[in-house]
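The next block holds one structure in the form of structure tokens; read it before the comments.
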Amino acid sequence: MLLSACSVLPDTEIPPRREFDVIATYRFRGEGEHAVRVPESGPGLTLFELSSVPETTERFDSRGHRFLVLSSGHRLQVTCRGRIDGEPLGDTVRFPPIADLFPGATSVAPRSSR
């Protein structure tokens with residue numbers, strides 16, 4: 001007699017996905033510490049790379065959101081490469097705007113070829 005080892009099987013379809021490779025730029029007024037919220041991997045979003053210029057420290061708030069903290073300066077560039085899942089809507093697929101992953105950024109643009 002054969003018995004199933006698992007009663008739930010994963011979906012047989014892989015959701016539509018889009019890869020992205022962007023630079024988000026932040027500009028600040030005033031001196032002192034500046035914190036920006038950045039994406040973290042989770043359901044529907046996989047990050048392959050996240051870095052900043054100049055270097056920052058990392059903090060998490062009580063809800064687990066990731067922030068990069070710039071101790072001083074007026075400009076921060078965050079480079080991010082990842083994959084985001086789309087949401088099927090009938091015959092089309094809707095992908096969330098990548099810029100929405102970087103609240104407060106003054107610009108989010110594709111990174112040039114490496």
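The numbers here are math on the coordinates, done by the rules we state, and not lab data. Model, not experiment: these values are computed from the prediction. Neighbour counts are summed over all protein chains in view; Cβ atoms, including those assigned to glycine, are modelled from backbone coordinates with ideal geometry.
For the chain, count all C-alpha to C-alpha pairs, find those more than 21 Å apart, and express that count as a whole percent of the total.
Working: 3094 of 6441 pairs.
Cα-Cα pairs of the chain separated by over 21 Å account for 48 percent.
Which of 38, 108, 53 has the fewest other C-beta atoms within 10 Å, and how do the rest follow up to the most?
Working: 38 21, 108 18, 53 11.
Starting with the residue having the fewest Cβ neighbours, the order is 53, 108, 38.
Amide H to amide H, with H built 1.01 Å from N, residue 86 comes under 5 Å of 17, 18, counting only residues 5 or more places away or on other chains.
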